[in-house]
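Peer 1: I'd like to ask some things about the structure below.
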């Protein structure tokens with residue numbers, strides 16, 4: 001599934017094109033933003049990279065792909081669903097990442113997807129993407145604040 005293109009905005013690796021297929025991804029963000037120094041906690045993801053294995057949980061080409069996503073602890077897998085829908089001359093990507101275990105994980109994942117989809121949009125538009133890591137801490141803080149506000153609202157409502 002075009003790993004050579006995917007690695008320019010997200011990750012390389014293989015996705016077996018069938019329901020139940022194996023997923024073997026290799027996150028190496030130096031492929032995306034080679035001239036940048038990442039935050040300390042992401043040094044390994046930047047270079048040399050980290051592997052991730054999963055399974056295909058939705059496969060409806062060319063409109064939907066779903067994969068499991070390894071959590072930080074065994075048994076804490078989440079799911080990522082990529083949906084594509086024609087919108088006039090464009091295509092709308094809806095990305096859903098569900099079954100995340102904590103607000104901290106949701107904030108981390110949200111900032112990551114924000115950055116990766118911004119790189120994808122820039123590449124598809126023929127533009128040079130903004131540096132990946134330069135905005136990471138700001139976005140993670142933004143999403144943590146949103147998660148905290150949502151948690152506070154939920155507590156107040158109950």
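Peer 1: Can you give me the distance in nm between label points at residue 145 and residue 121, each placed 7 Å from the Cα along the Cα-to-Cβ direction?
Peer 2: Distance between label points: 1.9 nm.
Peer 1: Right, next: Sticking with the crude label model, points 7 Å out along Cα→Cβ, report the distance from residue 104 to residue 26 in nm, one decimal please.
Peer 2: With each label placed 7 Å out from Cα toward Cβ, I get 3.0 nm.
Peer 1: I would also like to ask the following. Can you compute the helix-only [θ] at 222 nm over the chain? Use -39500 (n - 2.57) per DSSP H run of at least 4 residues, normalise by all residues, nearest 500 deg cm²/dmol. Can you show the working numbers first?
Peer 2: Working: 4 runs with 52 residues, N = 158.
About -10500 deg cm²/dmol.
Peer 1: For volume of the Cα convex hull per residue in Å³, one of (1) 142; (2) 153; (3) 284 was computed from the structure I shared and the rest are decoys. Which label?
Peer 2: Looking at volume of the Cα convex hull per residue in Å³ for this model, the match is (1).
Peer 1: Turning to a different aspect of this structure: With an 8 Å cut-off on Cα pairs and a minimum separation of 6 or more residues, tell me the relative contact order of segment 1-112 in percent. Don't skip to the answer; put the middle values down first.
Peer 2: Details: 192 pairs, mean separation 17.6, N = 112.
Result for segment 1-112 is 16 percent.
Bear in mind these aren't lab numbers, they're just calculated from the coordinates by the rules spelled out. Owing to the predicted nature of the structure, the values given are computational and were not obtained by experimental measurement. Here Cβ is always computed from backbone atoms with ideal geometry, including for glycine, and neighbour counts include all displayed protein chains.
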